[in-house]
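Here, each number is a calculation from the coordinates, and none is a lab measurement. For clarity, every value in this text was computed on a predicted model and none was experimentally measured. For neighbour counting, all protein chains shown are included, and Cβ atoms are generated from backbone atoms with ideal geometry for every residue, glycine included.
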2 protein chains.
Amino acid sequence: MRDRRLLLQKKDKKFSLRQVAARIGIQPSYLSKIERGEQTYLSEEKIIALADELNEDIDVLLALHGKISTDIQEIIRKRPQVFAQLIRELKNMPDHAVLKIVREVRDGDW
Amino acid sequence: MRDRRLLLQKKDKKFSLRQVAARIGIQPSYLSKIERGEQTYLSEEKIIALADELNEDIDVLLALHGKISTDIQEIIRKRPQVFAQLIRELKNMPDHAVLKIVREVRDGDW
DNA sequence: TAAAGTGTGTACTATACACTACACATTATG
DNA sequence: CATAATGTGTAGTGTATAGTACACACTTTA
C-alpha cells in the first residue's frame, strides 16, 4: 500500500500520507502504522475509502486486512449450506475454471 | 436451538442445559442466554462443539450467530477477486442451480 | 529563513466480543 | 422430605478491535 501511494504521490502532492489520511478520515500516525504493517486494525468503511483513494480493488484490500466484504458475508449467511459446499468444492480449482463458471452464469446458460 | 435440545432431552437426560454447557465448555447461565436469544456471542470453537452435540449443521449454526467458518473465509481471502465475483454472481440464483454447479465440479466436468 | 508540510513515536481511549463466578428459585428424585 | 439437578439473573473480567491526541524531527516552499 505504501508503494502504491508513493507512486501516486510523485504525480500529485495530494497523495501525501497526511492528506490521504485526512480524506479517509483517520489520523496520519495511524495510517503510517498501517502502511508499515504494524499490527493495527482498519474498519471496512475506512478500507473501502482507502481503496477508492488508491484505485485499488476493494475485495483485495479487505483481504489484505483479513476481512471479507459484508455484502459477500450476507450472501453466504443466508444460504450457508449451499455456499459452504460450493466454496469448499472450488478451493483447489484454478482461477480460470472458477471464472469460467462466473462467465457461464452471467451469460445465463443456466 | 432451545427446541432442538429439548427434543433430545426427552429421550436422554444428558441433554439438560447444564450438561450440554459442561460438555461444550461454557457456563450454564451463558448457554441459557444464548438459547433465549439474548445478545451474546459464542466463539467458532464453541459453536462447532454445540453443533456436534445437537447434530446440527455447523455452517448453519455459525450463520445463525452471524459467522462464517474460518476455512471458508481463508479460501475467499486467498483469491478475493475470483470468489467475490463468483459469489455476487450467484446471489440470486436458486439453490438447485448452485448445487448443480457443485455436482458438476465434483464430477470433474471441468 | 520562517512557515508550512512531511512521516513517525508514544500514550491513551472506547466499544465489541467472549466469556466466568456465583447466587437464586424451582422442580425432580431417592 | 432432604438433596440433587434444573434453568436463570446479575455483576464482573480479559482480550480484540478501531481508533484519537499530540509531540517530535526533518524537509520543502515562499
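The table below lists the values:
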| read-out | value |
| --- | --- |
| Residue in region B:56-110 that is nearest to A:Ile87 (Cα to Cα), counting only those that are more than 9 Å from chain A (Cβ to nearest Cβ) and of a type in the set (S, T, N, Q) | B:Thr70 |
| Filtered residue count, region A:57-107, keeping only those that are of a type in the set (D, E, K, R), exposed (fewer than 15 other Cβ atoms within 10 Å of the Cβ) and in a helix (DSSP H, G or I) | 8 |
| Residue within region A:71-82 that is within 19 Å of the chain's Cα centre (by Cα), near DNA strand D (Cβ under 10 Å from one of its atoms), of a type outside the set (Phe, Trp, Tyr) and within 30 Å of B:Lys100 (Cα to Cα) present | no |
| Single unsatisfied condition, B:Glu45 versus (1) at the interface with chain A (Cβ under 8 Å from one of its Cβ atoms); (2) loosely packed, with under 15 Cβ neighbours inside 10 Å | (1) |
| Pairs with Cβ under 8 Å, 6+ apart, first in region B:31-47 and within 7 Å of DNA strand D (Cβ to nearest atom), second part of a loop (DSSP other than H, G, I, E, B) | B:Lys33/B:Thr40; B:Glu35/B:Met1 |
| Considering residues of region A:1-17 that are surrounded by 13 or more Cβ atoms within 10 Å (Cβ to Cβ) and within 12 Å of DNA strand D (Cβ to nearest atom) only, the residue nearest to A:Thr70 (Cα to Cα) | A:Leu17 |
